[in-house]
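These notes concern the structure reproduced below.
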Amino acid sequence: VLGLGTAAFGRRLTRRQKLRLLEHALDLGITYFDTAPLYGRGGAEGVVGAFAAPRRDRIGLATKLGLEWRGGRLRRQVVRAFEPDGARRRLEESLRKLRTDHVDVLLLHEPTQGDVGDDLLAFLAEAVGQGLARAVGVAGGPLLGPLAARPPVTPWVAQASVTVLESLPPGAFVVCHSAIVSARSGKARRAPAEALRRALAANPRGIVLFSTTDHDHLRANAAVPSD
Ligand SMILES: NC(=O)c1ccc[n+]([C@@H]2O[C@H](COP(=O)([O-])OP(=O)(O)OC[C@H]3O[C@@H](n4cnc5c(N)ncnc54)[C@H](OP(=O)(O)O)[C@@H]3O)[C@@H](O)[C@H]2O)c1
């Protein structure tokens, strides 16, 4: 029910430190890992792949399609890459980096209306049909709710901030994130463990992601009971 995200796998940690965190998470019983071509300035998938390869059958892997990092030493450059023509090549590149022949979840990364047409949805269906992805869906953005309400492909996953959980249709399979960060602000500030506990209670059939760069935080988060 708890998964570890890798959006924070940037320059602050060495490759070795990232691998240790992933291994520690698995030792603590966390078996679902969320990554993306964008994360870690394009480097997160490769680290997750090195971790996953010797134990692929024991873990769930999610990656994304649509947002990419393009070089640039001085500026952060995020490029939108949703063209259906390039989708297969992009997924194959993710699979190569992840050192696997399939991902458990493939998510369109914060797409807008103009990004998602019939061709891209047909590609997602094909990816499931060919066993390249066990499930597909959308991570964030304005299409999250509408597509979760009428999934164009099954199995469908909605990956959403905990703050919009209530707006999603009751039957949707939800991977939720931002439990800890969203509990830091506003009137009702909550400690990380309490924020995760509440997110698990609000999303009892799905997965709750968190991220950390700290082993003590990892240990504390992994110990949060799901009611
Ligand atoms: N569009 C999308 O699909 C999308 C959007 C956002 C996030 N995500 C996914 O969700 C993952 C998690 O992101 P999130 O937004 O949900 O972050 P989060 O887990 O809500 O917050 C992470 C922050 O909380 C801190 N933290 C974690 N555990 C803590 C603890 N026990 N005590 C004190 N501080 C603690 C971390 O700092 P330390 O490193 O110091 O622990 C970090 O600053 C991402 O890595 C990504 O995989 C996806």
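The values are calculated or read from the model by the stated rules, or taken from the named source; none is laboratory data. No experiment lies behind these values; they were computed from the predicted model shown. Heads up, the Cβs are rebuilt from the backbone with ideal geometry, glycines too, and the neighbour counts pull from every protein chain shown. Only protein heavy atoms, including side chains, enter the accessible area calculation; ligands, DNA and RNA are left aside. Shrake-Rupley method; radii C 1.70, N 1.55, O 1.52, S 1.80 Å.
Were the residues from Arg96 through Thr14 laid out at 0.36 nm apart, the gain over their Cα-Cα distance would be 27.4 nm. If the segment from Gln77 to Arg219 were pulled out straight at 0.36 nm per residue, it would be longer than the present Cα-Cα gap by 47.8 nm.
Quick one: putting +1 on the C-beta of Lys and Arg, -1 on the C-beta of Asp and Glu, what dipole do you get for the chain around its Cα centre, in Debye to the nearest 20?
Working: 32 positive and 22 negative charges, 212 e Å.
For the chain, the charge dipole is close to 1020 debye.
Subtracting the Cα-Cα distance from 0.36 nm times the residue separation, let me have the gained length for Leu28 to Arg55 in nm, one decimal. Before the final figure, lay out the partial values.
Working: separation 27, 0.36 × 27 = 9.72 nm, distance 1.49 nm.
In short, 8.2 nm is gained.
Plainly put, region 140-225 has a radius of gyration that is 1.00 times its Kirkwood radius, both from alpha-carbon atoms, as the Rg/Rh ratio.
Considering only Cα atoms, the convex hull volume of region 86-165 works out to 90 Å³ per residue. Shown is the FRET efficiency for Ala7 and Ala191, computed with R0 = 30 Å from the Cβ-Cβ distance and rounded to the nearest 0.05: 0.90.
The modelled label-to-label distance for the pair Arg70/Asp85, using points 7 Å beyond Cα in the direction of Cβ, is 1.5 nm.
How big is the Rg/Rh ratio for the chain, C-alpha atoms only, Rh by Kirkwood, two decimals? Walk me through the numbers on the way to the answer.
Numbers: Rg = 16.8 Å, Rh = 17.8 Å.
Ratio value, two decimals: 0.94.
With 10 Å bins beginning at zero, the pair-distance distribution over Cα atoms of region 152-199 amounts to 26, 46, 22, 6 %.
What does the accessible area per residue of the chain come to in Å², with a 1.4 Å probe and no ligands, DNA or RNA counted?
Working: 11330 Å² over 227 residues.
Each residue of the chain exposes 50 Å² on average to a 1.4 Å probe.
Work out the length of the dipole vector of region 24-77 about its Cα centre, built from +1 on the beta-carbon of each Lys and Arg and -1 on the beta-carbon of each Asp and Glu, and round it to the nearest 20 debye.
Values: 9 positive and 5 negative charges, 71 e Å.
Here region 24-77 has a charge dipole of around 340 debye.
About the centre of its Cα atoms, region 1-128 shows a dipole size close to 1060 debye [charges on the beta carbon of Lys, Arg (+1) and Asp, Glu (-1) only; nearest 20 debye].
Carbon-plus-sulfur accessible fraction, region 39-141 (probe radius 1.4 Å, protein heavy atoms only): 45%.
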